[in-house]
1. Which members of segment 34-55 meet the condition of being surrounded by fewer than 16 Cβ atoms within 10 Å (Cβ to Cβ) and closer than 21 Å to HIS138 by Cα?
2. Of everything in segment 137-165, what is open to solvent by 30 Å² or more (accessible area, probe 1.4 Å) and either at pLDDT 95 or above or over 25 Å from LEU114 (Cα atoms) (or both)? Give them in sequence order.
3. One residue is enough: does segment 44-56 have a residue meeting the conditions in a loop (DSSP other than H, G, I, E, B), over 24 Å from LEU161 (Cβ atoms) and among the aromatic types (Phe, Trp, Tyr)?
4. Can you go through LEU134, LEU119 and tell me which one is open to solvent by 40 Å² or more (accessible area, probe 1.4 Å), touching an Asp or Glu at 6+ places or on another chain (Cβ under 7 Å) and of a type in the set (A, V, I, L, M)?
5. Considering (1) part of a helix (DSSP H, G or I); (2) aliphatic (A, V, I, L, M); (3) out of contact with any Phe, Trp or Tyr (no Cβ under 9 Å at 6 or more places or on another chain), say which one LEU134 fails and leave the rest.
6. Confirm whether LEU71 is in contact with a helix residue (DSSP H, G or I) (Cβ under 6 Å, 6 or more places away or on another chain), within 16 Å of ILE41 (Cβ to Cβ), in contact (Cβ under 8 Å) with a residue 40 or more places away in the chain and assigned to a helix (DSSP H, G or I).
7. Looking at the structure I just gave you, is GLY62 more than 21 Å from ILE158 (Cβ to Cβ) and assigned to a helix (DSSP H, G or I)?
Amino acid sequence: MTATRPPHRTASLKRLAELSITGWAMVGGVLLLLVVAVNMISVIGGIFGHPFPGDFELTEMGVAIAAFSFLPYCQLKDANVTADVFTARASIRIKAVLSLVASLIALGFALLLLWRMYLGMEDQRLYEYTTTILQIPHWLAFVPILISLALLSIAAVISLLNATTTALTRYPYG
């Protein structure tokens, strides 16, 4: 009889994070489809003299939230824009080290944006800014954006750990 090892806690947390990040990107995709639907309804309604009130406000908020929701997934899947022409002839280890540095930078930017966006949300809430037509408080759009930035930080940590493992263990001699 072969004994099976219980799953490692870190692997379980990583898998949970990956599923959360993927699910969050899917939610962003659904939101983007809803934004398209609102615009279609507004255009069709406009033809008949009844446009959708506040369509620009909902589009502005929806697209911003959706765009931020895709960032963690792009980081997790290493799908960010890269200039491969500079690293085409580099060794696997050099590429891993550059990936490690990029992950550190992504983590730094994610944490910086998380901090500053949180302060921006607090300002929007303090001054009670709302959209013009629908009177939606601006700070509400910041909540899912902050969740996206927290997930981006987690994705950057995962990619940092993956790059560290690759750089130090798989290709120790270049």
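1. LEU34, VAL36, PRO53
2. Those that are open to solvent by 30 Å² or more (accessible area, probe 1.4 Å) and either at pLDDT 95 or above or over 25 Å from LEU114 (Cα atoms) (or both): PRO137, HIS138, TRP139, LEU140, PHE142, VAL143, ILE147, ALA150, ILE154, VAL157, THR165.
3. There is at least one residue in segment 44-56 that is in a loop (DSSP other than H, G, I, E, B), over 24 Å from LEU161 (Cβ atoms) and among the aromatic types (Phe, Trp, Tyr).
4. On inspection, the qualifying residue turns out to be LEU134.
5. Result: LEU134 passes all but (1).
6. The answer is no for LEU71.
7. The answer is yes for GLY62.
The values are calculated or read from the model by the stated rules, or taken from the named source; none is laboratory data. Because the structure is a prediction, the values reported are computed rather than measured. Note: ideal-geometry Cβ built from the backbone for every residue, glycine included; neighbour counts use all protein chains shown. These accessible areas exclude ligands, DNA and RNA; they are computed on the full protein's heavy atoms, side chains included. Shrake-Rupley method; radii C 1.70, N 1.55, O 1.52, S 1.80 Å.
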